[in-house]
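Below you'll find the structure, written out as structure tokens, and then a few comments.
The values are calculated or read from the model by the stated rules, or taken from the named source; none is laboratory data. Remember, predicted model here, so these are calculated numbers, not experimental data. Using ideal geometry, Cβ is built from the backbone for each residue, glycine included, and neighbour counts are taken over all protein chains shown.
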Amino acid sequence: MTAAVTVRAAREADVELIYSLIVALAEYERAPEQVVGTPELLRQWLFGDAPAAEALIGEVDGVAAGFALFHGTFSTWECRPGLWLEDLFVLPEFRRFGVGARLLGNVARLAVERGYTRLTWTALDWNEMALSFYRKIGATVLDEWTNHRLSGATLEAVAAGADV
């Protein structure tokens, strides 16, 4: 018997579910202590007055199996928007059902429908299952780019030095 995989837009009632999937993702990525956000913050930024991101829920036979969380970007060279896939995660017991492919496909479809030029994401260098999947679908690895981040006290220090 084949499992029915469906993807739907997340609803405000899914906040606790999404948060639990974020925690499960952090555990999988060996960094559960780095989850410092709360369901309340998630609700505000996904469903509040000025949403900063969107999410999709993947289900297998009606049971939540994973999620994709994404937000907008902009390409100055193409002068068009794109999407940044912040997280794509499928619970271990639902892997190999095609949930990840369906989630990624639906995010890609949204980008195309909106007239966006690209869909971009990162993956951990040790996550061979994900890296293999991305190679299989033809994703381009951007080896020449190095990710950078400012956060916490460093972000505040750089902001404090900005000209106002």
*State all residues of region 148-158 that are outside any helix (DSSP H, G or I) and exposed (fewer than 10 other Cβ atoms within 10 Å of the Cβ); if no residue qualifies, say none.*
His148, Arg149, Ser151
_Qualifying strands (runs of 3 or more DSSP E) (wholly inside region 6-109; at least 3 residues being without any contact (Cβ under 8 Å) to a residue 40 or more places away in the chain)_ = 63-75, 80-90
*Would you say Val158 is among the β-branched types (Val, Ile, Thr) and touching a residue at least 40 places away in the same chain (Cβ under 8 Å)?*
no
*Report, by residue number, each residue of region 61-84 that is surrounded by fewer than 20 Cβ atoms within 10 Å (Cβ to Cβ) and either of a type in the set (D, E, K, R) or in contact with a helix residue (DSSP H, G or I) (Cβ under 7 Å, 6 or more places away or on another chain) (or both).*
Asp61, Ala64, Glu78, Arg80, Gly82
*Among (1) part of a strand (DSSP E or B); (2) at pLDDT below 95, where does Trp145 come up short?*
(1)
